[in-house]
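Here's the structure we're looking at; comments come further down.
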Amino acid sequence: MAGPKQGVVEPFRGDQPRGMVDDLVVPQVLDLENTDERLWVPQAEQVSFRPLLLSVTQGYFVNLLRVRRSGVLSRHRHAGPVHAFPLKGRWHYLEHDWVADTNGYAFEPPGETHTLVVPEDVDEMVTLFHVTGTYVYVDPEGNAVGYEDVFTKLEAARNHYAEVGLGVEYVDQFVR
Ligand code: FE
């Protein structure tokens, strides 16, 4: 069988498979100085997130997390894997020696419980997180005190976008 012909530029002529969801493109997500503040959904005091993809079919979400205070952010246990790309500032877990620093990458394994801390000299931390499954907020003994998943993120974003005038349907563009 012959390989692709050199120099021929042509699109796929067939049909995409039935049931396939739409692709999703969000411009300028890494341009942190230039974002519409309304897109940031408050999550706690000085903590907000911006949804990029809310996968209700596979149970994961991709979002930017922005923290404008230092200290302990949360202690939580992950049921699924997490991929983290720190874009601004840095943070670490009390349970580890490593630091998630700007332009780096960190993987958090399913099953791990850890306590996220933003150092005192960091005014603002922004990290792109790809979070699969649920994470459960826990006390130091591991007792569950709350949880987050794609559905809590969807609900929070939905309510926030309605409140700031973007409309309750605004979040739908990020849902797959
Ligand atoms: Fe985590």
Practice task
Calculate one ³J(HN,Hα) per residue across segment 75-88 by plugging θ = phi - 60° into the Karplus curve 6.51 cos²θ - 1.76 cosθ + 1.60, and present them in order as whole Hz with x for glycine and proline.
Solution key: 10, 8, 10, 8, 7, x, x, 10, 10, 10, 10, x, 9, 8
Fill in the blank from the handout: With bins of 10 Å, the percent of all Cα-Cα pairs of the chain per bin from 0 is 9, 33, 32, 15, 7, 3, 0
Problem - Two-site label geometry, Asp101 and Glu120: point separation in nm, points 7 Å out along Cα→Cβ - result: 2.0
Fill in the blank from the handout: Helix 150-163: inclination vs the chain longest Cα principal axis, degrees, rounded to 10, gives 90
Practice task
As a check on your grasp of the helix formula, calculate [θ] at 222 nm for the chain: sum -39500 (n - 2.57) over DSSP H runs of n ≥ 4, divide by the residue count, round to the nearest 500.
Solution key: -2500 deg cm²/dmol
Exercise for the section: List the residues whose amide H sits under 5 Å from the amide H of Thr134, counting only those 5 or more places along or on another chain, with H placed 1.01 Å from N in the peptide plane. Expected result: Ala79, Gly80
Exercise for the section: Extending each Cα 7 Å along its Cβ direction at Val56 and Arg90, get the distance between those two points in nm, one decimal. Expected result: 4.0
Exercise for the section: Calculate, axis by axis, the spread of Cα positions in segment 1-82 along the three principal axes, and write the results as whole Å, longest axis first. Expected result: 60, 33, 22
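No lab work stands behind these numbers, since they all come straight from the coordinates. All values derive from a computational prediction rather than experimental measurement. All Cβ positions, glycine included, derive from the backbone under ideal geometry; neighbour counts span all protein chains shown.
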